[in-house]
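The values are calculated or read from the model by the stated rules, or taken from the named source; none is laboratory data. What you see is a predicted model, and the numbers here were worked out from it, not measured in a lab. So basically every Cβ, Gly included, is an ideal-geometry build from the backbone, and we count neighbours across all protein chains shown. In case anyone asks, the SASA skips ligands and DNA or RNA and just uses the protein heavy atoms, side chains included. Shrake-Rupley method; radii C 1.70, N 1.55, O 1.52, S 1.80 Å.
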Amino acid sequence: IKEKISKYIVNQPSNWMYQVDYYEKNKAWLDKSAEIAVRILSTLRNLSLSQKDLAEMTGVTPQYVNKVVKGQENLSLETICKLERALGINLIEVPAFDDTQVIS
């Protein structure tokens, strides 16, 4: 039994506390990034496109697209616009300006 268990034991300490802390500090954008990833993957499937196709269409590397579809990439507005243009979809929307609102 010890032999079976020993192959699952890592000699290095776990960094799970760091990972939990990172997620807690970055939860807002990680959640949005995950939603964008799901939308991209769904659209790729519907259009019968691969991640490599998307990389070529947007001028980024396939490795970067892979990070994006894992939902762990902090996307710039420029990249979001490239993805939207390539896929013909909206990934984020900014509400229209309402000039009746008073900013104090």
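Here are some notes:
- Sparsely packed chymotrypsin sites (Phe, Trp or Tyr not before Pro) within segment 10-104, loop by DSSP, other Cβ within 10 Å at most 11: Phe97
- Area accessible to solvent at Asp31, 1.4 Å probe radius, in Å²: 50 Å²
- Gaussian network model of the chain, Cα within-10 Å springs - most flexible of Lys52, Lys25, Lys67: Lys25
- Separation of the alpha carbons by more than 27 angstrom is noted, of Lys2/Lys70; Lys7/Lys27; Lys7/Lys52; Lys27/Lys82, for Lys2/Lys70; Lys7/Lys27; Lys7/Lys52.
- Extent of the chain along its three principal axes (Cα atoms, max minus min coordinate, largest first): 69, 45, 21 Å.
- The chain: relative contact order in percent, alpha carbon pairs under 8 Å with at least 6 residues between: 26 percent
- Once all protein chains are placed together, Leu77 keeps about 120 Å² accessible to a 1.4 angstrom probe.
- In order along segment 27-44, the phi-based Karplus estimate (6.51 cos²θ - 1.76 cosθ + 1.60, θ = phi - 60°) of 3J(HN,Hα) comes to 3, 4, 6, 5, 5, 5, 4, 5, 5, 5, 4, 4, 4, 5, 4, 4, 5, 4 Hz; Gly and Pro are listed as x.
- The share of accessible area on the chain that comes from carbon and sulfur is 54 percent, using a 1.4 angstrom probe.
- For the chain, the solvent-accessible area of protein heavy atoms averages 83 Å² per residue (probe radius 1.4 Å; ligands and nucleic acids excluded).
- Protein-only accessible surface order, largest first, of Glu78, Glu3 at 1.4 Å: Glu3, Glu78
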